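Everything on this sheet refers to the single structure shown next.
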Amino acid sequence: MGIITTIIVGFIVGLLARAVMPGNQAMGLIMTTLLGIAGSLLASYGGAALGLYPAGSPVGWIASIIGAIVVLFVYGLVTKKR
């Protein structure tokens with residue numbers, strides 16, 4: 001997968017994760033893309049390590065969004081305003 005494809009997929013996954021997650025996530029374009037890339041990496045390596053699905057399967061998109069939601073939740077906990 002090329003770097004441009006990774007960025008585009010990361011952006012789409014990040015947008016979908018922010019849309020699914022309740023609440024207000026105030027972050028910009030770059031942070032959304034990094035969130036999506038991190039979630040995709042988490043889901044693809046985690047799913048492959050656990051043997052849940054093969055690489056390149058359509059369920060990888062769903063797992064990527066779930067991974068991005070987990071990363072978004074952790075990001076929200078770390079950057080929580082007090």
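Where a number appears in this text, it was derived from the coordinates with a stated rule and is not lab data. Please read all numbers here as calculations on a predicted model, not as lab measurements. Cβ placement follows ideal geometry from the backbone for every residue including glycine, while neighbour counts extend to all protein chains displayed.
Within region 62-79, list the residues whose amide N lies under 17 Å from a label point set 7 Å along Cα→Cβ of residue 31.
68-79
Can you tell me the orientation of helix 59-78 relative to the chain, as the angle in degrees between its alpha-carbon axis and the longest Cα principal axis, to the nearest 10?
30 degrees
Give me the compactness ratio for the chain, meaning the Cα radius of gyration over 2.2 N^0.38 Å.
Here the Cα radius of gyration is 1.07 times the empirical estimate.
Could you tell me the relative contact order of region 3-78? Use alpha-carbon pairs under 8 Å, at least six residues apart, and round to a whole percent.
After rounding, I find 37 percent.
Per the helix-only calculation at 222 nm, which mean residue ellipticity applies to the chain, given -39500 (n - 2.57) for every DSSP H run of n ≥ 4 and division by its residues, nearest 500 deg cm²/dmol?
-25000 deg cm²/dmol
Going by average Cβ neighbours within 10 Å, how do the peptides 20-26, 44-50, 69-75, 10-16 rank, with the highest at the top?
10-16, 69-75, 44-50, 20-26
Using a simple spin-label model with points 7 Å from Cα along the Cα→Cβ vector, what separation in nm is obtained for residue 19 and residue 78?
Label-label distance for residue 19 and residue 78, simple model: 2.6 nm.
So between residue 4 and residue 57, what do we pick up on full extension, going 0.36 nm a residue minus the alpha carbon distance?
Extending this stretch completely gives an extra 17.1 nm.
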